[in-house]
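Pasting in a structure now, in structure tokens, and then I'll have a few things to ask.
The values are calculated or read from the model by the stated rules, or taken from the named source; none is laboratory data. Computed from a predicted model, the values in this text were never measured in an experiment. Please note: Cβ atoms are built from the backbone with ideal geometry, for glycine as well, and neighbour counts cover all protein chains shown. All accessible areas refer to the heavy atoms of the entire protein, side chains included, with ligands and DNA or RNA removed. Shrake-Rupley method; radii C 1.70, N 1.55, O 1.52, S 1.80 Å.
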Amino acid sequence: MTRRFTALYHRLVLEHPWIAILLVAGVLAVAATQIRHFQLDASAESLVLEGDEAMHYYREIRASYGADDFLIVTWTPAGELFESATLARLEALRDALFALPGVDSVLSILDVPLLDSPRAGFSEVQDGPRTLLDADTDRDLAREEFRSSPLYRDLLMNQDADTTALVVSLVRDDDAHALLTRRDALRVRRVTTGLGEAERRELAELDAAYPVVSQRLQAEQTAVIAEVREVLEGHREHARIHLGGVPMIAVDMIAFVRSDIQTFGVGVGLFILLLLAVSFRQLRWVVIPSLICGGVVVGMVGFLGMVGWPVTVVSSNFISLILILSLSLVVHLVVRQRELHQAQPTADARQLMRGTVESKFKPSLYTALTTMVAFGSMMFADIRPVMDFGLMMVCAVAFALALTFVLFPALVVPWPVGPVPAVRRDLTQRVSGALVGLAQRRPTMVALGFVAVVVVAVVGVTRLTVENRFIDYFKPTTEIYQGMELIDRELGGTTPLDVVLDATRAFLEFEVTGDGPAGEAANDDWLNDDLDDLDYGYDEEERDGPIGGYWFTSYQLETLDRIQAYLDDLPETGKILSLATSMRLMTMLNDDQPLDGFGLAVMYDRMPAELRALLFDPYMSEDGNQVRFDIRVIDSAPNLSRDALLRQIEEELLERFDLLPEQLNLTGMLVLYNNVMQSLVRSLFVTLFLVFGAMMVMFALLFRSWKMALIGPMPTLIAAVAVMGAMGLVGLPLDIMTMTIAAITIGIGVHDTIHYTHRYAAEVHAGSDDAAAARTSHLQVGRAMIYTTVIVVGGFSILAASNFMPTIYFGLLTGVAMLFALFSNLTLLPLLLQWLRPFQQGPAGARQHPLPTSAALEPQGGREL
């Protein structure tokens with residue numbers, strides 16, 4: 001610290017601690033008023049790649065063909081599904097759901113048109129299609145139609161005819177949708193062609209407006225789903241009911257995040273209190289660290305609420321991390337203050353605190369900076385929630401450092417000094433003593449052991465995969481898991497995938513100019529013969545819909561039927577709906593006779609609006625130049641590989657059906673999720689590379705030694721790589737939470753590395769040889785290292801109580817990584833310091849501050865340090 005700043009700090013914090021306390025209390029009081037604005041976000045927006053054009057295209061397709069904003073209610077009655085009493089209960093449930101203000105429509109087996117119960121001709125359909133509740137409907141035939149119909153099979157009823165589904169579409173906020181669409185378009189244009197000044201201002205305004213709109217929509221959606229669940233509760237007496245759908249998953253994920261924040265925040269807090277009480281056995285060392293940690297949490301939560309920075313699934317553990325990082329800083333100060341008190345029994349509180357701050361500020365600043373660099377590396381991950389989490393933790397570490405070095409001295413100085421703490425060999429000293437003995441007696445064995453760990457870990461890292469089932473993110477006891485598993489098994493799959501086919505560029509140019517490309521004007525393969533001379537028999541201006549277009553022709557419809565058959569044969573796909581499905585039903589309406597161009601156009605034009613909305617609007621554009629295959633992928637399939645499936649579909653569609661690359665697009669939640677998953681490995685290696693490089697630079701600058709650039713990052717880096725390698729070896733895939741383990745392990749573990757190295761350097765500069773410096777560092781700093789590691793491991797272990805499996809894996813694996821980092825810092829680090837000798841040994845007696853040596857730490861009786 002500079003001399004002027006040091007004088008100001010001592011005068012404000014040490015000489016007038018109550019002023020510092022009141023200033024901090026004022027800041028925290030202001031922050032506390034902003035906690036009510038704290039937000040949670042589990043929307044698709046929070047789980048996408050930064051600048052992902054696939055998201056923009058996905059929203060364009062959703063706007064054209066219908067959104068994913070619907071819920072699926074599975075209903076398994078106690079009685080026979082088609083009995084009158086059972087259908088009456090289903091009707092009552094449908095009506096109760098439809099009456100909810102946030103529900104736009106409810107689709108069930110009671111509402112859809114029946115074409116084969118008994119068989120209806122087109123003329124009968126024109127008068128109004130038959131439904132299940134009509135008096136002339138044969139329910140036995142209806143049951144068979146729901147089992148076998150190309151449209152309804154595995155969509156609204158399972159093959160056992162004992163479970164049906166209701167599709168509950170939610171009301172869409174058109175203003176919010178328009179805002180989001182415009183914002184996405186400007187974001188894509190910013191990356192591709194650049195924005196003008198007016199567009200940049202507009203994008204800034206939209207970015208500022210969207211969080212408010214998103215929060216409102218989230219609250220409305222949560223309220224609607226709560227009302228839906230309330231309705232369902234009233235109908236569980238006679239049926240087994242499950243709720244599913246993207247909106248419900250988003251709402252439940254927010255509930256999981258909120259529960260995790262509360263549970264883990266409280267759990268880690270209680271664990272900290274217990275550990276402080278057991279470790280230090282003095283009230284002051286329980287109360288003061290707890291107040292500091294609590295203050296950091298209040299300040300950060302208030303800050304996030306004030307700036308409107310939402311917490312996502314990835315950052316749901318940020319309170320636990322804040323508590324752990326804050327306590328790590330505080331524990332090192334507590335141990336150092338008690339150490340100085342033992343060495344200077346007659347010193348008063350201000351003298352002890354001055355020595356504590358002056359000896360610990362520099363290593364604490366180093367640890368904070370290196371931790372901030374580690375978390376800051378996440379900003380290069382290209383995954384929005386990971387980037388936000390990294391920046392959030394950078395701010396939290398900086399705030400924790402500042403608050404700790406203001407509040408700790410201000411709270412300790414007014415407190416009576418108390419009796420001099422004596423030293424006895426407690427468990428921490430026995431552990432650290434055993435490890436330093438191992439490193440000094442068996443250095444070669446330790447070194448070879450770490451080399452073996454690195455080799456095995458590298459092999460494991462090469463086997464890391466990102467292919468995991470979304471359903472496995474949740475415990476089997478959760479409604480999300482149960483609903484997805486039932487829908488996957490009996491109702492056609494859960495994860496949406498769209499295959500979108502466009503007209504060729506040549507066809508579109510011909511539509512605009514009337515002139516086809518050279519050499520193609522005489523070739524009718526790209527523009528079918530039946531379009532050229534077809535006489536529809538009425539004024540084209542009276543038509544409602546395509547007069548053909550690229551796909552709505554006999555030849556192309558045959559192509560679509562073959563594509564549908566190909567997609568149906570894929571083992572990973574469940575229910576598939578498309579224009580080919582609709583054409584099979586149209587053929588049924590035409591007495592099972594194939595339709596020519598004329599008959600097809602006439603039937604389309606004269607079809608009732610509700611039937612056309614069911615058969616055509618979700619699968620074909622108005623001009624007939626774009627078609628969509630609505631595919632549901634079976635997420636619970638044991639061998640599902642999303643990336644391989646998407647590549648297979650794309651390659652084989654182009655190869656087998658002579659499509660041009662410009663015609664084919666894949667979209668849907670499966671594509672968006674796969675994009676994120678495939679970026680994880682790259683993001684992991686980018687993060688590790690940046691962290692390692694930044695750590696080398698930081699250690700070189702902080703200790704002014706190029707040797708420390710090699711030594712410093714090594715222990716925690718090996719621990720992080722070892723855990724990643726273990727994941728690869730056991731086949732545990734990466735996810736958006738476990739990919740942050742490496743940066744977090746290095747960010748937290750480097751605390752121990754810096755504190756140990758700083759103490760080791762002080763001992764060497766004071767004249768100790770390498771062995772003595774290592775023993776003293778182990779016995780003193782090693783104690784604080786073990787305390788903080790126990791806190792970290794215990795805190796992260798509490799995450800195992802989550803309902804979200806990635807959180808459980810994250811907590812347990814991070815705990816294992818931190819244990820390994822502790823072992824590395826207490827064995828490998830002293831070996832590297834001894835072998836490379838980055839610090840010059842000073843003359844004996846050069847010690848400037850009274851630092852207890854290892855000889856002074858022998859058991860003396862009395863209270864433990």
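Give the share of C-alpha pairs in each 5 angstrom bin for region 201-348, from 0 to the last occupied bin, in whole percents, shortest bins first.
Reading the bins upward from 0: 2, 8, 12, 14, 12, 11, 10, 9, 7, 6, 4, 3, 2, 1, 0, 0.
Which far-off residues, 5 or more places away or on another chain, put their amide H under 5 Å from the one on Ile383, with H placed in the peptide plane?
Here Glu50 satisfy the definition.
When the accessible area of the chain is computed with all protein chains present and a 1.4 Å probe, what percentage of it is carbon and sulfur?
Whole-percent figure for carbon plus sulfur exposure: 58.
Using alpha-carbon positions, what is the distance between the centroids of region 679-721 and region 213-259, in Å?
44
Also, I was wondering about something else. Would you mind checking which residues have amide H under 5 Å from Lys475's amide H? H placed 1.01 Å from N; only 5 or more apart, or other chain.
Sorted by chain and number, the residues that satisfy this are Met805.
Something else now. Answer with one residue from Tyr555, Leu779, Ile35: the one whose Cα lies farthest towards the positive end of the charge dipole of the chain, charges on Cβ with Lys, Arg +1 and Asp, Glu -1.
It is Leu779, whose Cα lies furthest towards the positive end.
Next question. Apply the Karplus parameterisation 6.51 cos²θ - 1.76 cosθ + 1.60, with θ equal to phi minus 60°, to every residue of region 481-488 and state each ³J(HN,Hα) to the nearest whole Hz, in sequence, with x for glycine and proline.
4, 5, x, 5, 5, 5, 5, 4
Quick one: accessible surface of Asp623, probe radius 1.4 Å, all protein chains present, in square angstrom to the nearest 10.
Estimated to the nearest 10 Å², Asp623 gives 80 Å².
To the nearest 20 debye, what is the magnitude of the charge dipole of region 176-231 about its Cα centre, counting +1 on the Cβ of each Lys and Arg and -1 on the Cβ of each Asp and Glu?
Magnitude of the dipole: close to 240 debye.
Quick one: which of 12-18, 172-178 comes out on top by average Cβ neighbours within 10 Å, and what's the full order, highest first?
12-18, 172-178
Give me the angle, in degrees from 0 to 90, between the Cα long axis of helix 443-462 and the longest principal axis of the Cα atoms of the chain, rounded to the nearest 10.
Once rounded, one gets 10 degrees.
Something else now. Can you figure out the FRET efficiency of Ala644 with Ala402, using R₀ = 56 Å and their beta-carbon distance, to the nearest 0.05?
That pair, Ala644 with Ala402, gives E of 0.70.
Right, here's the next one. What net charge do the residues around Asp173 carry, taking every other residue with its C-beta under 10 Å from that of Asp173, with Lys and Arg at +1 and Asp and Glu at -1?
Combined, the nearby Lys, Arg, Asp and Glu give -2.
Which length gain, in nm to one decimal place, applies between Arg11 and Asp348 when the Cα-Cα distance is subtracted from 0.36 nm times their residue separation?
119.7 nm
Let me ask another. What full-extension length gain, to one decimal in nm, is calculated for Leu274 and Arg36 as 0.36 nm per residue of separation minus the Cα-Cα distance? Write out the running numbers ahead of the final one.
On the way: separation 238, 0.36 × 238 = 85.68 nm, distance 2.93 nm.
That works out to 82.7 nm of additional length.
Also: With equal scatterers on the alpha carbons only and no solvent term, can you work out the Debye log10 of I(q)/I(0) for region 673-721 at 0.22, 0.26 1/Å?
So the normalised log intensities work out to -0.74, -0.89.
Quick check: the angle from helix 84-98's long axis to the longest principal axis of the chain, C-alpha only, nearest 10 degrees?
60
Follow-up. Find out how many positive minus negative residues lie around Ala7, taking Lys and Arg as positive, Asp and Glu as negative, among other residues whose Cβ is under 13 Å from that of Ala7.
After counting each charged neighbour, the total is +2.
Turning to a different aspect of this structure: Where does region 279-409 land on Rg/Rh, using Cα atoms and the Kirkwood Rh?
1.04
Count charges around Leu464 for me, please; just the other residues with Cβ under 12 Å from its Cβ, Lys/Arg as +1, Asp/Glu as -1. Show your work: numbers first, answer last.
Details: positive: Arg463, Arg682; negative: Glu467, Asp735.
Charge balance in the 12 Å sphere: 0.
Return the long-range amide H neighbours of Asp635 (sequence gap of 5 or more, or a different chain), with a cut-off of under 5 Å between placed amide H atoms.
Thr494, Thr495
Right, something else. State, to one decimal in nm, how far the label point of Val456 lies from the label point of Arg258, with both points 7 Å from Cα in the Cβ direction.
4.5
Lys/Arg Cβ at +1, Asp/Glu Cβ at -1, dipole of region 680-795 taken about the Cα centre: which of Thr789, Gly749, Phe699 is farthest positive-ward?
Sorting the options by dipole projection puts first Phe699.
So how far apart, in nm, are the two label points at Lys475 and Ala506 if each is 7 Å from Cα heading toward Cβ?
Between Lys475 and Ala506, the simple spin-label model gives 6.0 nm.
With +1 on the Cβ of every Lys and Arg and -1 on the Cβ of every Asp and Glu, and nothing else charged, how large is the dipole of region 211-299 about its Cα centre, in debye rounded to the nearest 20?
The dipole magnitude comes to about 460 debye.
Roll a 1.4 Å probe over the protein chains and send me the accessible area per residue for the chain in Å².
40
Given 0.36 nm per residue, what is the gain on full extension from Asp658 to Val602 after removing their alpha carbon distance, in nm?
Here the answer is 17.2 nm.
Right, another one. With point charges of +1 on the Cβ of Lys and Arg and -1 on the Cβ of Asp and Glu, referenced to the Cα centre of the chain, which listed residue (Ala135, Thr478, Leu654) lies farthest in the positive direction of the dipole?
The residue sitting most towards the positive pole is Thr478.
Could you calculate the FRET efficiency of Leu448 with Gln841 from 1/(1 + (r/R0)^6), where r is the beta carbon distance between them and R0 is 22 Å, rounded to 0.05?
0.20
From the list [x] 29.8, 99; [y] 33.5, 110; [z] 31.1, 103, can you say which value of Rg and Dmax of the Cα atoms in Å was derived from the structure given?
[y]
May I pose another question? What list of ³J(HN,Hα) values in whole Hz, one per residue of region 25-32 in order, does the Karplus curve 6.51 cos²θ - 1.76 cosθ + 1.60 (θ = phi - 60°) give from phi, with Gly and Pro shown as x?
Rounded to whole hertz, the list is 4, x, 4, 5, 5, 4, 4, 4.
Also, I was wondering about something else. Sort 699-709, 385-395, 645-655, 745-755 by packing, meaning the average of other beta carbons within 10 Å per residue, with the highest value first.
Numbers: 699-709: 18.3, 385-395: 22.8, 645-655: 15.5, 745-755: 28.9.
Final packing ranking: 745-755, 385-395, 699-709, 645-655.
What percent antiparallel are the DSSP beta bridges of the chain, to the nearest 5?
95
When the Karplus curve 6.51 cos²θ - 1.76 cosθ + 1.60 is applied with θ = phi - 60°, which whole-Hz ³J(HN,Hα) does each residue of region 146-152 get, with x for Gly and Pro?
Karplus values, whole Hz, x for Gly and Pro: 5, 6, 10, 4, x, 8, 9.
So how far apart, in nm, are the two label points at Ala178 and Leu195 if each is 7 Å from Cα heading toward Cβ?
Those two pseudo-labels are separated by 1.9 nm.
On to the next question. Could you pull the Cα extents of region 362-434 along its three principal axes, largest to smallest, in whole Å?
So the three principal-axis extents are 53, 38, 21 Å.
How big is the dipole moment of the chain about its Cα centre under a simple scheme where the beta carbon of each Lys and Arg is +1, that of each Asp and Glu is -1, and everything else is neutral? Debye, nearest 20, please.
Dipole of the chain, to the nearest 20 debye: 10000 debye.
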